[in-house]
1. Sorted from largest down, what three extents in whole angstroms do the Cα atoms of segment A:28-182 have along their principal axes?
2. Given the rule -39500 (n - 2.57) for each run of at least 4 DSSP H residues, summed and divided by the residues of chain A, what is its mean residue ellipticity at 222 nm, to the nearest 500 deg cm²/dmol?
3. Under the definition of partner shielding as Cβ atoms of other protein chains within 10 Å of a residue Cβ, what is the mean value for peptide A:302-314?
4. Residue by residue through A:261-272, how many Cβ atoms from other chains fall within 10 Å of the Cβ on average?
5. Between rounded, prolate and oblate, where does segment A:413-557 land on the alpha carbon gyration tensor, with a ≥ b ≥ c its root eigenvalues, rounded for a/c under 1.5, else prolate if a/b exceeds b/c?
6. Contact order normalised by length for segment A:311-391, with contacts defined as Cα pairs under 8 Å and 6 or more residues apart; what percent is it?
7. Need one value for B:27-39: mean number of C-beta atoms belonging to other chains within 10 Å of its residues' C-beta atoms.
8. Which whole-number value in Å³ per residue fits the convex hull of the alpha carbons of segment A:156-202?
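What follows draws every value from the coordinates through simple rules; no lab data is involved. In this text the structure is predicted, and so the values were computed from the model without any measurement. Please note: Cβ atoms are built from the backbone with ideal geometry, for glycine as well, and neighbour counts cover all protein chains shown.
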Amino acid sequence: MRTLDWIVLLGTIGFIVIYGIWKTRGSKDIEGYLKGDNSMKWWTIGLSIMATQASAITFLSTPGQAYEDGMRFIQFYFGLPIAMVIISVTIIPIFYRLKVFTAYEFLENRFDLKTRSLAALLFLVQRGLAAGITIYAPAIILSTMLGWSLTITNLVIGVVVIVYTMSGGTKAVSVTQKQQMAVMMGGMIVAGIMVVSYLPDNVGFGDAVAVAGKLGKMNVVDFSWDWKTSWDDRYNFWSGITGGLFLALSYFGTDQSQVARYLGGKSIGESRLGLLFNGLLKIPMQFLILFIGVMVFVFYQFNQPPVFFNEAAKNKVYATAHADELRTLEGEYNTIFEQKQAAVHELVAAIKTDDEAAIVAAQTQVQTYTDAGKEVREQVKTVIKTATPDAETKDTDYVFISFVMKYLPAGLVGLLLAVIFSAAMSSTASELNALASTTVVDIYKRSVKSNGDPKHYLNASKLFTLAWGLIAILFATYASLLDNLIQAVNIIGSIFYGTILGIFLVAFYFKRIKGNAVFFAAILAELVVLYCFYFTEIAFLWFNVIGCVAVILFGFILQGLIGKKNEELVKA
Amino acid sequence: MKKNHPVDEEPPIDKPPFFKTWKGMYWLVLGNLAFMILLFYAITKLYE
């Protein structure tokens, strides 16, 4: 890192944090601390919602995903705008009418204390783990790329977030997220412009998109459906519009880290507009991030890519007995790239002249070299795993950051690192804020100490923010000791979201179903989801649909049985 | 809840911008989604 990069990185992060603390100083009660005195305007809510969802992994992994798999990941977000409309129409008015601090508070009003506590506890376990991962996942990549210690990187992200979240509560989270979102989008647009400008002189923007298309990366929408195979295809139109809808309904309608963002609105109208703003802009934003990944892919058609994007992991192998083996494979990979060059330029020339036969011939040739390169990369991964068994051989998360560090000029590297740190901080801040408010409102104030004064609950909220922050840092620090932790946490999220959404949908739309029925229906639905997870190949997005539908079905059946039993008791 | 608002602040939005009712805003979001899906489909077909 050069001096200018340090100045840009520290200046950007420092300004956002200090501005956030200064702007939101002096909350005197829990209303101000957890709901920002209901003073947030729609654009603050909208940006805050987007910044909460966009974690650092969004900016590190998504371009890498597009590099490997093309644009089709965008379909994952197709259900989101529909969910924003449904929440605006139905959920927001109910939350406002009941003046709730958390989503789970509403469940006691509708059902009973045990259902509220069950949903709050499920959220605390799931989000508590996720907060650690939100810090750990980018820290592991940033520490590798920057040569920092993992503990220091965890501490830098965690401590800074704790300071401003503890100080200003919900308002500080939303105010800082507005700035962080500006940095994130500005940084990504600059990165996109830079990667296109690095393409050879004879390759224009249109040619680059055409090359990406001919090499299978512009696969944005896939409407095809096969009853036998499409269920385990994670990203197609149908799983995006249905599974994605249920996931977005669960996340934005029942997850306190998002609910807190719009509960701080000045009015129902401001909260609605904030959510609809997200519904309008989320897909274009994800499209941009994926498209940058595709342009990085095109860039590496004309510039030698590393055989393995995690250079630090590769360098470790060079210090072992497998160094020669790796060196030979790297040489082979570079030779394949040189041979591919002629074919890539032929493809560009054929695209320019619109010669279909020449395009197909060049396309086939490029694909042959690409497949040969892939084969060598697989062998490299095997060597890395043999030489250093602890090493992670999935390197797609390193594609974008490795490009940034190697090719962007001084200052812009600092800006892009500020993007990633901002994203890590914005999602962690929302999580800590939501964990603290759920702990205080749904557990501490409701079941432990119900007679405290406003000052007491304000202090308790600050202390719980600190406590959850420390737990998150601790979890992030020791996360590497557990295998496949990130995957495990993602799966835990998918397993519980459907059931939680089912409880809320029953609460909103099925007035006949009461507390006992929904409580036991949720437990049964959870067992069904666990069965699907352990014994079937169904893609995780569908768990949200299955869990949700199962709660509703079991709720009806159990309510029927309980209702009959009650009638018999009354008759007896 | 609104007692903490300073009196000189802008009034909160209760009606959507550009439309007379919220229904218009909802159709804008859904229409935008439909437009994007069609656009993405066109891009997929154009560049495949």
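1. On the principal axes, segment A:28-182 reaches 51, 40, 33 Å in Cα extent.
2. -26000 deg cm²/dmol
3. On the way: counts 0, 0, 0, 0, 0, 0, 0, 0, 0, 0, 0, 0, 0.
Partner Cβ neighbours, averaged per residue: 0.
4. 3
5. oblate
6. Value for segment A:311-391: 43 percent.
7. For peptide B:27-39, the averaged partner shielding equals 5.
8. Values: hull volume 2.8 nm³, N = 47.
Dividing the Cα hull volume of segment A:156-202 by its residue count gives 60 Å³.
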